[in-house]
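J.: If you scroll down you'll find the structure; I have some questions about it.
The values are calculated or read from the model by the stated rules, or taken from the named source; none is laboratory data. Bear in mind the structure is a predicted one, so any value in this text is a computation, not a measurement. We place every Cβ from the backbone using ideal geometry, glycine too, and count neighbours over all the protein chains shown. When the accessible area is computed, the model is the full protein with side chains, heavy atoms only, and any ligands, DNA or RNA have been set aside. Shrake-Rupley method; radii C 1.70, N 1.55, O 1.52, S 1.80 Å.
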Amino acid sequence: MSGIEKACYHCALPVPPGAHYLVEIDREPREMCCRGCQAVAQTIVDNGLTDYYRHRTSMPAAGHEVVPEEVQKLALYDHPGIQKSFVRQEGDHVREASLILEGITCAACIWLNERHLKQLPGILQVQVNYATHRARVSWDEQVIHLSKILEEIQLLGYNAHPFNAERQEGLRRQRRAKDLRRIAIAGLSAGQVMMLAVALYAGAAVGIEASTASLLRWASLILTLPVVFYAALPFYHSAWNALRGRRLNMDVPVALAVVGAFIGSVWSTSRGSGVVYYDAITMFSLFLLSSRFLEHAAQEKSVEAAENLLKLAPAMAIRVEQDGQHLPVPVMELGEGDTILSKPGEAIAADAEVIEGMSTVDEALLTGESRPVPKSAGARVIAGSINLEGPLLLRVTSVGENTVLAGIVRLLDRAVAEKPRLAQLADRVAGHFTIGLLVLAVVVGATWWWLEPGRAFEVVLAMLVVTCPCALSLAAPTAFAAAGSHLLRHGILLTRGHALETMAKVNHVVFDKTGTLTYGKPVLRRIVTFTELGEPQCLMLAASLEQASEHPLAQSFLSRVTQAELAQVQDARNLPGKGVSGTIAGLRYSVGSAAMSGLPLVELPGDLPEGATQVWLCDAQRALAVFVISDGLRPQARELVERLKTAGVRITMLSGDALEAVAHVATEIGIESWHAAQRPENKLAKLQEFQQRGDVVAMVGDGVNDAPVLAGADVSIAMGGGTQVARASSDIVLLSENLLDIQRALQAGHDSMAVMRQNFAWAIVYNLLALPFAALGMVPPWLASIGMSASSLVVVLNAMRLR
């Protein structure tokens, strides 16, 4: 036994002779290859995380000690100036950062990092995305610093650094190049071995000299070596780690098939008689590696859209100094209130407000809106959008992690990290299927050994190869990834993993009114005067008074006049729910509801729009004017309602607005079921009433008061221009604010479920048909490898139709 090389229990590298690095794991001393692995393993044991060693499916990199020089480098990440580009401030002391973890090899690595960090004092939330290796960490700055979090990750043997889309793309390219290298080697070997196999098959049929057949077999053996000992290594690692963790995964039958077929073939080659399976080994490995590559590509598609968004933001900006000098600076050095210049053709560096200039901006990748959006003084622009026509002078409102762009990416991360229920079910079924397959292979092998021993090995090999459960595991994830990418290109952002699955079941859509079916921006439609004062003078008086109001209607007046036109108001009084009063040029005026002035009001013209709000301007003796204000309907509202009705979906409107306004909107767009003057708790009660009678409810809203109802719905949809609270509570965000995208999302849900059912049906029917034929000895191993790969390829290509 002394000649057998010992492997490190943590990373599986050879233990150097004379090394004595021991850690007690599960009451047994385990040998490590270095002090770094010893430190990592001891940290895992000390934190009660030894389940990691049972559940991992791949080996981590070798551990290393965190030396003082590295600790000093990590301390730089605590500097506010450095944190500005990747850390988001959520409260006085709460911080959130997006990090990339290097060294992640399997799901157990995710579990280990999440469990360890959550045990640290001051850590509020940890979520690691397996597809992207991106971690979102929230912490209390008063209790723990970012440098300590990074140090703890390094103690586990992983490396963490701030997320950078370009760096992440580089790591992905390296991984893709390694996968392609394995596929290329398997492909070259399979091509050469298949040519030799044709000669062997033809020779067996028409006659071939024994020496020639032996030569062809030995040549096939040599050509198969790179596949068995390099290209197929990922299968062995995954299977070995699963067995060490006392589990079975889909790579266990794969590894058994490859290793068993190779050993049997080598035995036959050395004896000069019997059947060899070099062609099946190389083809099986080639097709399976290709299927896995397509699977990884499909996973990457689900996060590609998010990272494409991150690449929109430029690295540099032109800051305009107080002396008028234009200074190029890194975007991370910008602060709120800075003035920057955006030139035509450039990406806008930060969320900002236009101070000066007129242009159009391309926001297609952010909102799905294909037409350029005009921008002028006072308009808001989003980081990453493209300035198309003229220079814009901008005042920065948000930078770094506080931008709209960063918020969209955070929501995307959340959606990708959450595995849909159907995907979880498929994984469990695939696990049980693997166990059943191995048991059945033993039974069938024993039966064939009793009936015809010479064919037992070939039949068992064909069974293990033909029924690999890859297609079953791919059925749901590929469909969700393709559909999510398709919707994002149309400005529909999925923020929860279950959203598409639930949208396919929706039979009742509930709408808020203001900001959802309407724009939520009251517009002054008409001015009716009753005295010698003209419309401009009445508007000036009303706008001057409205300076003291915070009511949304105030902006309807202030947007119609310039600052220079406003009069000075003395003794201004804001009466909530009624209006504003004040003294202008020695005269007392009031603007607000009809009941505010207490004066008899004049008769109004009969041609005023229905459902509009009336705001009265009065002095101390009489009514001077009435302002007619209404909120415009979104142009797609009526068409959306018609489409939903045609699809058999029930529609209800719940609004906190007055009866007349709600009734008017409901009549305009054709909604029969509506409720006015609804407080948030009333809306939630109505929603629960619908759910109790069996409806699957989708709620569409935009405001803070909609957040509880959005959270209570089966699936919730927030308008992209709504409040941050509404977006955070929702499952889907309409970045485009196009109401017809609601119907598109519903259709995508139905299409995704249809594709998933097709994929599941194909995977199940294929295995049910292939397994009996293989067990009866009617499927040779080389044909089994083609069938297995074809089944996975059909699933992936079918899912790609959703794009």
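J.: What FRET efficiency, computed as 1/(1 + (r/R0)^6) with R0 = 41 Å and r the Cβ-Cβ distance, is obtained for Asn507 and Leu393, rounded to the nearest 0.05?
T.: Once rounded, the FRET efficiency stands at 0.20.
J.: Keeping all protein chains in the complex and leaving out DNA, RNA and ligands, what accessible area do you get for Leu539 with a 1.4 Å probe, in Å² to the nearest 10?
T.: Near enough 20 Å² of accessible area.
J.: I would also like to ask the following. May I ask you to rank His675, His161, His79 by accessible area, largest first, using a 1.4 Å probe over the protein chains only?
T.: Ranking His675, His161, His79 by accessible area, largest first, yields His79, His675, His161.
J.: How long is the gain from Gln747 to Arg27 if the chain were fully straight, where each residue apart is worth 0.36 nm and the alpha carbon distance is subtracted?
T.: On the way: separation 720, 0.36 × 720 = 259.20 nm, distance 5.57 nm.
Length gained, Gln747 through Arg27: 253.6 nm.
J.: Pop a pseudo-label 7 angstrom from the Cα along the beta-carbon direction at both Arg271 and Glu672 and give the gap in nm to one decimal.
T.: Distance between label points: 8.0 nm.
J.: To the nearest 10 square angstrom, what accessible area does Arg181 show with a 1.4 Å probe?
T.: Approximately 120 Å² for this residue.
J.: Compute the distance in nm between two label points, each set 7 Å from the Cα along the Cα-to-Cβ direction, one at Glu689 and one at Val561.
T.: For Glu689 paired with Val561, the spin-label model returns 4.5 nm.
J.: Hey, got the dipole for the range 523-630? About the Cα centre, +1 on K and R Cβ, -1 on D and E Cβ, debye to the nearest 20?
T.: Value, rounded to 20: 160 debye.
J.: How do 449-459, 340-350, 112-122 rank on mean C-beta neighbours within 10 Å, highest first?
T.: The most tightly packed comes first, giving 340-350, 112-122, 449-459.
J.: For the range 523-630, what mean projected area does the convex hull of the alpha carbons give, in nm²? All intermediate terms of the calculation are to be shown ahead of the outcome.
T.: Numbers: hull surface 25.8 nm².
Approximately 6.4 nm², given one-decimal rounding.
J.: At what distance in nm do the modelled label points of Asn159 and Gln537 sit from each other, each positioned 7 Å from its Cα along Cα→Cβ?
T.: Placing both labels 7 Å beyond Cα along the Cβ direction yields 7.6 nm.
J.: In addition: Note down the Stokes-Einstein diffusion coefficient of the range 603-692 in µm²/s, whole number, using a Kirkwood radius over alpha carbon pairs, 4 °C, and 1.567 mPa s. Walk me through the intermediate numbers first.
T.: Values: Rh = 15.5 Å.
Reported coefficient: 83 µm²/s.
J.: Go through the range 22-27 residue by residue and turn each phi into a ³J(HN,Hα) via Karplus (6.51, -1.76, 1.60, θ = phi - 60°); whole Hz please, and just put x for glycine and proline.
T.: Ordered by residue, 3J(HN,Hα) equals 10, 9, 7, 10, 6, 6 Hz.
J.: What figure in square angstrom, to the nearest 10, would you give for the accessible area of Phe293 with a 1.4 Å probe?
T.: Using a 1.4 Å probe on the heavy atoms, I get roughly 50 Å².
J.: With r as the distance between the Cβ atoms of Ile764 and Tyr201 and R0 = 35 Å, compute the FRET efficiency 1/(1 + (r/R0)^6) and round to 0.05.
T.: Computed FRET efficiency for Tyr201 and Ile764 comes out at 0.60.
J.: Which one of Gln555, Ala612, Gln537 is farthest out on the positive end of the charge dipole of the range 523-630, using unit charges on Cβ (Lys, Arg +1; Asp, Glu -1) and the Cα centre as origin?
T.: Gln555
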